[in-house]
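Some notes on the structure that comes next.
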Amino acid sequence: MNPIEALADQLSYPRKITITHHFNPDADALGSSLGLMHYLQAKGHNCKVISPNTMPEFLKWMPGANEVLIYELDKSAAEEWINESDMVFSLDYNHFSRTKIMEQTLASFKGIRVMMDHHLFPDLASFDYGVSTPLKSSTCEMVYDFINLQGDNSLININIGKCLYAGCMTDTGSFKFPCTTGSVHRMVADLMDRGLETAPIHQAIFDTYQENRLRFLGYVLSEKMIIFPEQHTALIAISREELNKFHISTGDTEGIVNYPLSLNNIIFSTFISEREAEMRISFRSKGNFNVNDFARSHFAGGGHANAAGGRSELTLTQTVEQYIQIIHAHEKQLQQCFQELQASV
């Protein structure tokens with residue numbers, strides 16, 4: 001894979017470009033895609049963002065979100081655009097499998113393939129150009145860096161700023177996770193100096209839930225959260241029937257896994273939800289307990305040191321039983337990580 005800076009010549013004249021992100025897009029996936037789209041359009045390129053599936057309601061305010069082509073709703077139009085494109089940008093994922101239903105279409109694409117991502121273990125052989133920086137806070141920050149690398153900081157407008165801020169803000173946990181470096185704050189300062197107002201973005205993402213989602217959150221925390229004090233661990237496991245009871249849709253469970261980490265004796269939190277053919281699992285941690293290693297070792301997943309995902313093809317009950325056995329096996333490690341975190345304060 002050639003370095004991303006070598007892409008400049010390929011973008012020196014108008015191209016037809018597809019921008020993609022992973023299945024079930026979050027704010028970083030959609031924000032980086034739309035931010036890049038606005039930038040490349042300003043450069044004179046013909047761009048379209050293609051999402052594997054529908055985006056959560058709380059992200060539809062993003063500038064350009066109404067222009068996104070949804071692959072699962074219009075496969076023929078999406079494939080026609082991709083096949084006619086000169087290049088495809090893959091944002092916030094590093095394996096085509098992360099797009100699920102788009103995997104084969106992207107793998108067979110004959111044009112220039114570009115990756116921009118901050119997750120571990122990229123499939124470098126599948127891309128012609130790209131950058132993979134796990135220490136970066138978000139793909140949105142990487143898009144900001146890419147624009148500056150091209151010498152185009154002056155092209156960053158409010159629409160680009162809104163999209164990039166949203167993804168950076170959410171992936172850093174509102175700037176409280178360890179990935180919040182000085183470069184993150186410098187980026188935000190630059191966007192604010194250009195007129196970006198941050199409060200409306202926080203409100204659009206966090207203060208627009210429907211009543212059913214808030215009642216679901218209350219139910220989850222009061223009835224479904226299990227605490228394992230010896231392992232400094234919390235588990236929430238939700239069945240498909242419970243999701244249907246509260247009319248929970250895509251994106252409504254986003255962030256729930258973080259709530260147990262507000263407890264002073266919890267450093268590891270897991271959220272399991274029953275979906276169609278598999279259990280989807282989110283892992284979050286504080287301190288030195290590496291959930292990327294945990295997810296890769298036990299639940300066919302991965303991600304970052306303090307935020308990762310996984311899956312299980314067992315039943316919900318079997319998955320929970322397996323999980324409990326595993327955390328008991330990790331008890332000494334979890335206790336040590338808890339002690340290290342306490343000593344660091």
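The values are calculated or read from the model by the stated rules, or taken from the named source; none is laboratory data. Treat the numbers as computed from the prediction; the structure is a model and nothing was measured. Quick reminder, even Gly has a Cβ in these numbers, built from the backbone with ideal geometry, and neighbours come from all protein chains shown.
Would you pick out the residues in region 275-309 that are within 19 Å of residue 225 (Cα to Cα), small (Gly, Ala, Ser), touching a Gly at 6+ places or on another chain (Cβ under 7 Å) and modelled with pLDDT of 95 or more?
Matches in region 275-309: 282 only.
Within region 157-173, which residues are more than 22 Å from residue 288 (Cβ to Cβ) and surrounded by fewer than 22 Cβ atoms within 10 Å (Cβ to Cβ)? Show your work before the answer.
Going residue by residue through region 157-173, those that are more than 22 Å from residue 288 (Cβ to Cβ) are 157-170.
157, 158, 159, listed by residue number.
I'd like to verify a number: residues in region 91-117 that are in contact with a His (Cβ under 8 Å, 6 or more places away or on another chain) and touching a residue at least 40 places away in the same chain (Cβ under 8 Å), how many?
Within region 91-117, residues that are in contact with a His (Cβ under 8 Å, 6 or more places away or on another chain) and touching a residue at least 40 places away in the same chain (Cβ under 8 Å) number 5.
Taking the conditions exactly as written (out of contact with any His (no Cβ under 7 Å at 6 or more places or on another chain) and either closer than 18 Å to residue 149 by Cβ or free of Cβ contacts under 8 Å to residues at least 40 places away in the same chain (or both)), does residue 125 satisfy them or not?
Values: out of contact with any His (no Cβ under 7 Å at 6 or more places or on another chain): yes; either closer than 18 Å to residue 149 by Cβ or free of Cβ contacts under 8 Å to residues at least 40 places away in the same chain (or both): no.
The answer is no for residue 125.
Does region 325-344 hold any residues that are touching a helix residue (DSSP H, G or I) at 6+ places or on another chain (Cβ under 9 Å) and over 24 Å from residue 176 (Cα atoms), and which are they?
Answer for region 325-344, where residues must be touching a helix residue (DSSP H, G or I) at 6+ places or on another chain (Cβ under 9 Å) and over 24 Å from residue 176 (Cα atoms): 326, 327, 328, 330, 331.
Just wondering, is there one or more residues in region 58-79 that are touching a residue at least 60 places away in the same chain (Cβ under 8 Å), closer than 23 Å to residue 109 by Cα and surrounded by 15 or more Cβ atoms within 10 Å (Cβ to Cβ)?
Within region 58-79, not a single residue is touching a residue at least 60 places away in the same chain (Cβ under 8 Å), closer than 23 Å to residue 109 by Cα and surrounded by 15 or more Cβ atoms within 10 Å (Cβ to Cβ).
Inspect region 197-217 for any residue being surrounded by fewer than 18 Cβ atoms within 10 Å (Cβ to Cβ), outside any loop (DSSP other than H, G, I, E, B) and in contact with a His (Cβ under 7 Å, 6 or more places away or on another chain) and give the result as yes or no. Explain how you work it out, then say what you get.
At the first step, the residues of region 197-217 found to be surrounded by fewer than 18 Cβ atoms within 10 Å (Cβ to Cβ) are 197-200, 202-204, 206-212, 214-215, 217.
From the residues that got through so far, the ones that are outside any loop (DSSP other than H, G, I, E, B) too are 199-200, 202-204, 206, 211-212, 214-215, 217.
Next, from what is left, pick out any that are in contact with a His (Cβ under 7 Å, 6 or more places away or on another chain): 212.
Checked region 197-217: at least one residue is surrounded by fewer than 18 Cβ atoms within 10 Å (Cβ to Cβ), outside any loop (DSSP other than H, G, I, E, B) and in contact with a His (Cβ under 7 Å, 6 or more places away or on another chain).
Quick check, is residue 195 at pLDDT below 95 and under 24 Å from residue 165 (Cβ atoms)?
Values: at pLDDT below 95: no; under 24 Å from residue 165 (Cβ atoms): yes.
No: the conditions fail for residue 195.
Which helices (runs of 4 or more DSSP H) does region 51-160 wholly contain that include 2 or more residues that are among the hydrophobic types (A, V, I, L, M, F, W, C), within 30 Å of residue 247 (Cβ to Cβ) and assigned by TED's automatic domain parsing to the domain that holds residue 18?
Numbers: elements: 75-84, 103-107, 139-149.
Counting at least 2 such residues, we get 75-84.
Restricting the search to region 203-226, which residues are of a type in the set (Ser, Thr, Tyr) and free of Cβ contacts under 8 Å to residues at least 60 places away in the same chain?
Initial filter on region 203-226 (of a type in the set (Ser, Thr, Tyr)): 208-209, 219, 222.
Within region 203-226, 219, 222 qualify.
I'd like the full set of residues that are among the polar types (S, T, N, Q) and part of a strand (DSSP E or B), limited to region 5-50.
To start, the set of residues in region 5-50 that are among the polar types (S, T, N, Q) comprises 10, 12, 18, 20, 24, 32-33, 41, 46.
Answer for region 5-50, where residues must be among the polar types (S, T, N, Q) and part of a strand (DSSP E or B): 18, 20, 46.
Name the residues in region 167-196 that are assigned to a loop (DSSP other than H, G, I, E, B) and under 26 Å from residue 257 (Cα atoms), would you?
Initially, region 167-196 is screened for residues assigned to a loop (DSSP other than H, G, I, E, B), giving 172-181, 194-196.
Matches in region 167-196: 172, 173, 174, 175, 176, 177, 178, 179, 180, 181.
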